[in-house]
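Reviewing the structure listed below.
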Amino acid sequence: IVISSLFASYTLGDPYFNIYALSKRHADELAQFYCHKHDLPLTILRPSQIYDAKSQCRKHQSLLYLIIDKTQKGEDIIFYGNNDALRNYILLEDICEIIYRVTQRHITGIYHCSATQSVRLSEIAETAYRIFNQHGSISFLKDKQDISDLPIIADNELYKKIGFECTSLYQGIEKIKQNRLNT
């Protein structure tokens, strides 16, 4: 099983197509080549942006945790540009469960692992304000460069095969809140 990234699916012209995306695709192709040559089963899982309840994924999802930190304190949220960018976050616990089920059922192939619904940045902030019972304003600095949408590939084929349903963003932020209250 190769844990790749949704970035491996991006192509020239996608706003986030970069050397990271190219390296992830190269690693996927290398695994496919090797497994084909040696007649080995292969599963490639391409998760979207991964977050967790303990905020250990903060380094790679700084915007998400910044939104949550500010909403928890009741601070205003200001986004750059005119675009209320789309994001798709999947809980680390969900990725672990997906890997477990794929292993148990001997599933092979290439699968995208993302939350079933993408959300706008403002929706993340509104959800977090509700969960933390706080209020603040959400605004956009229209004179700044837009934050681009992350192209999302919605594919529930794997989830049907393994009988799985992703944690909603509301439930995930609620887990973050509970973890913060308990530490």
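Brief remarks follow.
- Here L66, L92 are screened, and the one residue that is aliphatic (A, V, I, L, M), at pLDDT 95 or above and under 14 Å from the mean Cα position of the chain (by Cα) is L92.
- Test result for A53, farther than 24 Å from A8 by Cα, open to solvent by 10 Å² or more (accessible area, probe 1.4 Å), of a type in the set (A, V, I, L, M, F, W, C) and in a loop (DSSP other than H, G, I, E, B): yes
- Annotation: of all residues in region 32-50 being open to solvent by 20 Å² or more (accessible area, probe 1.4 Å) and within 14 Å of the chain's Cα centre (by Cα), the one that is farthest from T183 (Cα to Cα) is R46.
- Those strands (runs of 3 or more DSSP E) of region 65-154 in which 3 or more residues are crowded, with 20+ Cβ neighbours inside 10 Å occupy 89-91, 109-113.
- C166 passes every criterion in (1) touching a strand residue (DSSP E or B) at 6+ places or on another chain (Cβ under 6 Å); (2) of a type in the set (A, V, I, L, M, F, W, C); (3) surrounded by 14 or more Cβ atoms within 10 Å (Cβ to Cβ) apart from (1).
- Yes/no for I162 being of a type in the set (A, V, I, L, M), on the phi < 0 side of the Ramachandran plot and at pLDDT 95 or above: yes
The values are calculated or read from the model by the stated rules, or taken from the named source; none is laboratory data. Given the structure is predicted, the values throughout are model-derived calculations rather than measurements. As a convention, Cβ positions derive from the backbone with ideal geometry for all residues, glycine included, and neighbour counts pool all protein chains shown. For the accessible areas, the whole protein counts, side chains as well, though only heavy atoms, and no ligand, DNA or RNA atoms are used. Shrake-Rupley method; radii C 1.70, N 1.55, O 1.52, S 1.80 Å.
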